[in-house]
Amino acid sequence: MDTLGLGRVGIAIDVGHSYLDVACELESLGYTSLWLPGGRIDRLGRLADLVDATASARIVPGIIPVDVFGPEETSTLYDELAASGRFVVGLGGPQAARPLKALNGYLDALRVPADKILLAALGPKKLEVARDRAAGAVALLVTPSYTAEARGILGDAVLAIDQFVVLEDDPAEARAAAREPLSFLATVGGYRQNFLRMGFTSADVDSLSDNLVDAVVAWGSVDDIARRVQEHLDAGADHVVLAPLGTSSLDAGRALAGLVG
């Protein structure tokens, strides 16, 4: 259940010299949620800038890395932006020996209402934490079948799916664009474990096989991408974040604006 007002489809935005102008145009196209990828969050003030620049869209970090920004910093940011009613605290990590213990400790110290928090979650135990201690979860590099299983664990909690998209009809070019981020992400323990959990083989993961790429990255025409988005929604997602690869968020957002609604 989308208790955060995210809408059906949001979009991840690039951070460049004109990212605030891009955010405003994407909002004008009807996107009700604008996501800032965690790797682009060099300072939390970027999120405040996005809230100030836009009028109605939810602003969601996807995600604030808890290894980089402490609970006091995140709490202070929330205090600053809470009055807008449009800021959702997306958290991810930590990369620790006992990640669930570290995450729970972070949440204990955080002065943010649980119903304003989304947790990056893939495995069942972290999904349970997202269900019990936050508004819900956001998951990246997953299939619609995974979405259905995650919905079963989350119950009525929010489920957002971060979906890489490539607007390219040529299979070789589309897969090449997809493999750029996957070549790193597939080496990260949590993603690798989840690929195996979803039924892919070690060989699939090591080689970034076509089977794996096609399953977790939506590529092709606008209609092809729309089908994948709908598959996630039909499987139980409340919200799908379009994360463009190989093109700017603005160009992709213009092309895919028909998916908003």
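The values are calculated or read from the model by the stated rules, or taken from the named source; none is laboratory data. Please read these numbers as outputs of a predicted model, since none were measured by experiment. Note: ideal-geometry Cβ built from the backbone for every residue, glycine included; neighbour counts use all protein chains shown.
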Number of positions in the stretch 200-227 that are in contact (Cβ under 8 Å) with a residue 40 or more places away in the chain, part of a loop (DSSP other than H, G, I, E, B) and in contact with a Ser or Thr (Cβ under 9 Å, 6 or more places away or on another chain)
0
The listed residue being under 19 Å from PRO61 (Cβ atoms) and either surrounded by fewer than 14 Cβ atoms within 10 Å (Cβ to Cβ) or within 15 Å of the chain's Cα centre (by Cα) (or both), out of ALA135, ALA97:
ALA135
Any hit, the stretch 195-204, residues being over 27 Å from THR3 (Cβ atoms) and among the aromatic types (Phe, Trp, Tyr)
yes
Restricting to the stretch 108-121, count the residues that are buried (at least 19 other Cβ atoms within 10 Å of the Cβ) and either among the β-branched types (Val, Ile, Thr) or over 14 Å from GLY5 (Cβ atoms) (or both).
6
State whether one or more residues within the stretch 169-184 are touching a helix residue (DSSP H, G or I) at 6+ places or on another chain (Cβ under 7 Å), within 21 Å of GLY136 (Cα to Cα) and surrounded by 17 or more Cβ atoms within 10 Å (Cβ to Cβ).
no
Go through the residues of the stretch 123-135 one by one and say whether even a single one is small (Gly, Ala, Ser), closer than 20 Å to MET198 by Cβ and at pLDDT 95 or above.
yes
Just checking, which of VAL165, VAL205, VAL240 is more than 16 Å from the chain's Cα centre (by Cα) and either surrounded by 14 or more Cβ atoms within 10 Å (Cβ to Cβ) or closer than 30 Å to ASP115 by Cβ (or both)?
VAL205
Exactly one of VAL60, VAL88 is in contact with a strand residue (DSSP E or B) (Cβ under 9 Å, 6 or more places away or on another chain), modelled with pLDDT of 95 or more, closer than 18 Å to PRO244 by Cβ and not acidic (Asp, Glu), and that residue is VAL60
